[in-house]
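A short write-up of the structure that comes next.
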Amino acid sequence: MSDWYAIRGNASALPTDPKNMRFRPLGVTIVGLLVRIAAVWQLAVGIFCISEALTPSRASRLFQGQYLGSVSDGYLWFAGLVAIAFGLILWRVAANLVEGDPAARIFVVAIAVLNIIFALLSFPWGIAGMIINLLVVFLLSSSTSVRWFAESKFEAKRPSAFE
């Protein structure tokens, strides 16, 4: 018994001990999943825009029925690259959100509030997006998630040239 203690140390001080574990609230996990889905959607839209710009005949089945005759290829390239960049940013924000980064929480709530405003401007068609974004704001503003982010010991992992 003493050899085990000498080799392993005090097991109750380990982070895997249930007394020392911090469990992520379910709401934060759901929001992290929703942000990942939004990131994949943004990446797909960016790829679709760039593929439409590369299609010479504009006969793509992706945008069939949409009027893209006056949209230039440069605009589609720009929109596609912006969508891909925003998708990559959202992917990283989702990773930081589920790790407990308070800045990621503020960013997601701010984007959700902007989406709610835009959904109100396009009211009959934006109701589904408004409901999802209201759910995101509610889940990230609940007392359990606010407490979890406040007690978080998140440290940004920045690469260092000296390591």
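The values are calculated or read from the model by the stated rules, or taken from the named source; none is laboratory data. Please read these numbers as outputs of a predicted model, since none were measured by experiment. Counting neighbours? That spans all protein chains shown, and the Cβs are built from the backbone with ideal geometry, glycine included.
Here are some conditions: (1) surrounded by fewer than 18 Cβ atoms within 10 Å (Cβ to Cβ); (2) at pLDDT 80 or above; (3) in a helix (DSSP H, G or I). Residue 7 meets all but one. Which one does it not meet?
It is condition (2) that residue 7 fails.
Among the listed residues 109, 113, 82, 93, which satisfies the condition of being touching a Leu at 6+ places or on another chain (Cβ under 6 Å), surrounded by 13 or more Cβ atoms within 10 Å (Cβ to Cβ) and closer than 19 Å to residue 42 by Cβ?
Of the residues listed, the single one that is touching a Leu at 6+ places or on another chain (Cβ under 6 Å), surrounded by 13 or more Cβ atoms within 10 Å (Cβ to Cβ) and closer than 19 Å to residue 42 by Cβ is 109.
Determine whether residue 92 is within 15 Å of the chain's Cα centre (by Cα) and either at pLDDT below 90 or within 30 Å of residue 155 (Cβ to Cβ) (or both). Step through it out loud before you land on a result.
On the way: within 15 Å of the chain's Cα centre (by Cα): yes; either at pLDDT below 90 or within 30 Å of residue 155 (Cβ to Cβ) (or both): yes.
So residue 92 fits the description; yes.
Going through 138, 118 one at a time, which residue ends up being aromatic (Phe, Trp, Tyr) and closer than 20 Å to residue 87 by Cα? Explain how you work it out, then say what you get.
Details: 138 fails: closer than 20 Å to residue 87 by Cα.
Testing whether each residue is aromatic (Phe, Trp, Tyr) and closer than 20 Å to residue 87 by Cα leaves just 118.
Residues that are farther than 18 Å from residue 38 by Cβ and in contact (Cβ under 8 Å) with a residue 40 or more places away in the chain: which helices (runs of 4 or more DSSP H) entirely in segment 81-163 hold 2 or more of them?
Values: elements: 102-121, 127-141, 143-150.
Here the list reads 143-150.
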